[in-house]
Amino acid sequence: MVKYDPKSLKAEEFINDAEIRATLEYAEANKHNAALIDEILEKARPQKTETGYVCHGLTHREASVLLACDLPDKIEKIYRIAEEIKLAFYGNRIVIFAPLYLSNYCVNGCVYCPYHIKNKTIPRKKLTQEEVRAEVIALQDMGHKRLAIEAGEDPKNNPIEYILECINTIYSVNHKNGAIRRVNVNIAATTVENYRKLKDAGIGTYILFQETYHKESYLQLHPTGPKHDYDYHTEAMDRAMEGGIDDVGLGVLFGLELYKYEFAGLIMHAEHLEAVHGVGPHTISVPRLKRADDIDPDAFDNGIDDETFAKITACIRLAVPYTGIIISTRETEAVRTKLLRLGVSQVSGGSRTSVGGYAGYTNEERPHDTEQFDVSDQRSLDEVVHWLMQNGHIPSFCTACYREGRTGDRFMSLCKSGQIINCCHPNALMTLTEYLTDYASEETKKTGFAVIDRELERVTNPKVKEIAAQNIIDIKNSNHRDFRF
Ligand code: SAM
């Protein structure tokens, strides 16, 4: 039997099937053990320190007990602590981004994705640099500052040189007051050398979804193409970190396998990164399988309902308190509203999942022909920004940490220092001012400026408050942009 070792660099040792099975048994046996559950909840709760808060997080075994627990009062407590952790480390800010699909050419056979090689009905498209520029202008005109680029895996059509050229183009476009200041990258597992090139191109987070941690299922769900190699895929984040990328983003595609198995695997992956590289994942995404061109989600047996989905998200929040949680427009407004109270810290807004879906199209007439999946939340970015504020959140377009070199463990230290209120908070308010001044509807502006006035009062350092207030006035009255702490 393969031995479990979080420090190993071998996929089957750090995502160890026997350990996951033992974890699920332990969780099932203890799911009504109220004393143990209380102990775990107590460990997860943020502890106040002289300067801020600390959290100890949970092991995959502890977190799996919480996920298995079906006692309503304990679930309520899990939800309350998830919100406490979110507020302690991220405040009420929610970071906003949009995906940009570069190419849907793909040589893989993933059975849940419409870009799979056997799909002969979906039109194949790859953006030229001129088209990338047009997409970026359209995204800047919406107000976006942060993108996640997406591409299928195809060494001929989408080689690393193409991805690097696109990143370069994206960063080079400055339309009116617009700028894309952080490009996160979601492309297939690659070599250390290519990760180094991505790092040198100035990417933010490298995102790669595991899809499923269950090796046998993984092999069946990815029957052909380079992605079939489970070990190469699962060990990708170690190569990314070896290539110098500090911020990596994990994720599971919920619906493919049994969620309790996936959850344990996900937390073990986070523990592995912490054990080997001294820093856990920067983000965890929680995508659920969606209808798409030739994909019917009902053909997969492991779909999860909204309540289970909420519980998974909250348990992730308790297990890895310093990791951002991302929820995309795969989810409806109602689900997103609920999850924002359970620890989510980033959302996409105004998203189109087709190649070339932004330039020249209104929100209503968005093209569907090359879409990767149906978008449930089809509201415009302006509507998303307004909705966030109405729900007590501050929409943030901030990219300061990565641009100031606060990545990896330096970001985690800021989180723990209690200085977020004097750093991230004013940064969020200044970038929100940029959005409101340059792009928002009158209604959103009215709500937003009132939020900014109120939230500025919460900055505790008088000097920081004074500088932020002056910068906000400057943004409103001039073309000066991109202030940051
Ligand atoms: N080709 C890259 C890879 O292999 O990782 C990039 C990934 S793809 C553009 C982004 C993600 O979309 C995939 O990792 C997958 O989890 C998700 N996805 C694929 N098909 C989906 C579907 N039908 N519904 C929801 N998400 C889907």
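The values are calculated or read from the model by the stated rules, or taken from the named source; none is laboratory data. Not measured: the values here are computed from a predicted model. For neighbour counting, all protein chains shown are included, and Cβ atoms are generated from backbone atoms with ideal geometry for every residue, glycine included. The area values use the complete protein model at the heavy-atom level, side chains included, leaving out ligands, DNA and RNA. Shrake-Rupley method; radii C 1.70, N 1.55, O 1.52, S 1.80 Å.
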How large is ³J(HN,Hα), in whole Hz, for each residue of the range 118-132 in order, when computed from phi with the Karplus curve 6.51 cos²θ - 1.76 cosθ + 1.60 and θ = phi - 60°, using x for Gly and Pro?
-> 7, 6, 9, 8, 6, x, 9, 8, 9, 6, 7, 5, 5, 5, 4
Let me know the charge dipole size of the range 109-224 about its Cα centre in debye, to the nearest 20, where only the beta-carbon of Lys, Arg (+1) and Asp, Glu (-1) is charged.
-> 160
With +1 on the Cβ of every Lys and Arg and -1 on the Cβ of every Asp and Glu, the dipole magnitude of the range 192-297 about its Cα centre, in debye rounded to the nearest 20, is 220
Electrostatic dipole magnitude of the range 316-437 [Cβ: Lys, Arg +1; Asp, Glu -1; Cα centre; debye, to 20] = 660
Relative contact order (percent) for the range 261-355, with alpha-carbon contacts under 8 angstrom and 6 or more residues of separation?
-> 28
Where both partners of a DSSP beta bridge lie in the range 219-376, what percent of those bridges are antiparallel, to the nearest 5?
-> 10
Any residue on another chain or 5+ positions along whose placed amide H is under 5 Å from the amide H of GLY324 is listed here as THR283, ILE284
Largest-first ordering by accessible area, 1.4 Å probe, given options ASP5, ASP306 | ASP306, ASP5
Checking the range 340-409 for GluC sites (Glu not before Pro) in a loop per DSSP with at most 12 other beta-carbon atoms within 10 Å yields GLU364, GLU365
Just reorder GLU333, GLU39, GLU83, GLU135 by solvent-accessible area, largest first, 1.4 Å probe, all chains present.
-> GLU39, GLU333, GLU83, GLU135
For the range 195-256, with +1 on Lys and Arg beta carbons and -1 on Asp and Glu, the positive-most of ALA201, TYR213, PRO223 along the dipole = ALA201
What list of whole percents do you get for P(r) of the range 46-107, with Cα-Cα distances grouped in 5 Å bins up to the one holding the largest distance?
-> 4, 12, 15, 17, 14, 12, 9, 9, 6, 2, 1
Expected unfolding gain across LYS445-HIS368 under the 0.36 nm per residue rule, minus the alpha-carbon gap, is 24.6 nm
Share, in percent, of DSSP beta bridges within the chain that are antiparallel, nearest 5 | 10
Amide N proximity, the range 388-404 versus ARG484 label position 7 Å along Cα-to-Cβ, cut-off under 11 Å = 397-404
Theoretical ellipticity at 222 nm over the chain - DSSP helices of four or more residues, -39500 (n - 2.57) apiece, nearest 500 | -14000 deg cm²/dmol
The summed charge of the LEU456 Cβ neighbourhood (under 11 Å; Lys/Arg +1, Asp/Glu -1) stands at -1
Hey, rough spin-label estimate for GLU457 and ARG410, points 7 angstrom out along Cα→Cβ, what's it come to in nanometres?
-> 3.5
Violating pairs (Cα-Cα greater than 19 angstrom) within the set LYS145/LYS465; LYS77/LYS338; LYS7/LYS199; LYS126/LYS156; LYS3/LYS227; LYS10/LYS227 | LYS145/LYS465; LYS7/LYS199; LYS3/LYS227
Provide the solvent-accessible area of ARG484, counting protein heavy atoms only and rolling a 1.4 Å probe, rounded to the nearest 10 Å².
-> 90
Quick one: if you take sqrt(5λ) for each eigenvalue of the C-alpha gyration tensor of the range 391-469, what semi-axes come out, biggest first, whole angstrom?
-> 23, 15, 10
For the range 411-462, what is the accessible area per residue in Å², given a 1.4 Å probe and the full set of protein chains?
-> 40
What is the diffusion coefficient of the chain in µm²/s, taking the Kirkwood radius over Cα pairs and the Stokes-Einstein relation at 37 °C with a viscosity of 0.692 mPa s?
-> 144
So for the range 92-131, using the alpha carbon gyration tensor with a ≥ b ≥ c as root eigenvalues (a/c under 1.5 gives rounded; past that, a/b versus b/c decides prolate or oblate), I'd call it oblate
Excluding ligands, DNA and RNA, what is the solvent-accessible area per residue of the range 264-394 at a probe of 1.4 Å, expressed in Å²?
-> 30
Whole-percent carbon and sulfur contribution to the accessible surface of the chain (1.4 Å, no ligands, DNA or RNA) stands at 51
In bins 10 Å wide, starting from 0, what share of all Cα pairs of the range 1-111 does each bin hold, as a percent?
-> 12, 27, 26, 26, 8, 0
Given a cut-off of under 8 Å on Cα pairs at least six residues apart, what relative contact order in percent is computed for the chain?
-> 19
Subtracting the Cα-Cα distance from 0.36 nm times the residue separation, let me have the gained length for ASN477 to LYS215 in nm, one decimal.
-> 88.7 nm
Solvent-accessible area per residue for the range 2-145 at a 1.4 Å probe radius, Å²?
-> 43
Here the Cα Rg-to-2.2 N^0.38 Å ratio for the range 102-192 is 1.15
Fraction of beta bridges assigned by DSSP in the range 174-312 that are antiparallel (%, nearest 5) = 10
Listed residue (ALA468, CYS423, ALA450) projecting farthest to the positive dipole end of the range 416-485, Cβ model | CYS423
Multiply the residue gap between THR308 and ASP438 by 0.36 nm, knock off their C-alpha separation, and tell me the result in nm, one decimal place.
-> 42.9 nm
